[in-house]
Structure formats: C-alpha cells, structure tokens
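S.K.: Questions regarding the structure given below will be posed in turn.
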Amino acid sequence: MLKLFEQCPACGGQIVITEIQCANCHLKMQGEFTPGLFSTLSSDQLNFVRAFLRVRGNLSEMEKVLGVSYPTIRNKLEEINNVLDFAEQNPVPAKSERSVILDKVAAGELDAAQALEQLKNVSQ
C-alpha cells in the first residue's frame, strides 16, 4: 500500500481525502477526511519516532540502536519537530458536529438511532 501523499503532486496544495474503505469488510465512506499529523512524516522519520518511543526517549540507547552519534540524533529530532511544527501551523479546518457524529457511526461508536437523535440536536 502506498504512503499517503503529503501534498498534491501537481500543484503542492493541501490534500483532502474524499473516500476511505475498510480493508476487512470493504465498507466505503465518502466525505472530507484530513490526514493525521504524523502522516506528514516520511517513512524514515516515522521509523525514527518508533525507535525513539521503543527506548522511551533514551538518547544513549538511540545511539546504540541506530549506530549514530548524539548530534545526528539531535538533528533528526529537530528535523521531525520542524515537519510537525509546520503541519500544526497550517492546520486543516475543524470538522463540523455533523461530521464528528457520522465518524462515530463509521467507527461503530454509535448506532443509527443514536446518531439520528444527536443529529436532531445539531444546529444547521
């Protein structure tokens, strides 16, 4: 499976996901979904974060695990922070109450009757 695009390959614009599908039951959901904050990281950066979490942030252990120096680890952390800071400074619009309720239905957190009841109370 391909990694999610970070930006439009043609113009560099923001990506909005319009359809998602369950790999298990093949249920398809359409709407406007935004990628998560960590989807802006490259595979290499994500692997670094995983290793960092596995050693619970112990930089000495990171040196051993990755076989690189402390300055290299510090530079990599700075790079990842910069990517995440950029993503936070350019947030995607917040979801509407209606979208949040529908997402809960899709995740199985609400049934149709509960969602209908909640949707009746959402201001237009």
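S.K.: Give a quick list of trypsin sites (Lys or Arg not before Pro) in region 1-77 that DSSP marks as loop, anything other than H, G, I, E or B, with at most 14 other Cβ atoms within 10 Å. Don't jump to the answer; show the numbers that get you there.
M.R.: Details: sites: Lys3, Lys28, Arg50, Arg54, Arg56, Lys64, Arg74, Lys76; in loops: Lys3, Arg56.
Sites meeting the loop and neighbour criteria: Lys3, Arg56.
S.K.: Calculated from the structure, Rg/Rh (Cα atoms, Kirkwood Rh) equals which of (1) 1.09; (2) 1.04; (3) 0.96?
M.R.: Evaluating Rg/Rh (Cα atoms, Kirkwood Rh) on these atoms matches (1).
S.K.: List the residues, sorted by chain then number, that are 5 or more residues from Ile15 or on another chain and whose placed amide H is less than 5 Å from its amide H.
M.R.: Cys8
S.K.: Percent relative contact order of region 37-92, based on C-alpha pairs within less than 8 angstrom and at least six residues apart? Kindly include the intermediate steps, with their values, before the conclusion.
M.R.: Working: 28 pairs, mean separation 23.6, N = 56.
Result for region 37-92 is 42 percent.
Read-outs: derived from the displayed coordinates by stated rules, not from any lab. As the structure is a prediction and not an experimental result, all values here were calculated from the model. Positions of Cβ are backbone-derived with ideal geometry, glycine not excepted, and every protein chain shown enters the neighbour counts.
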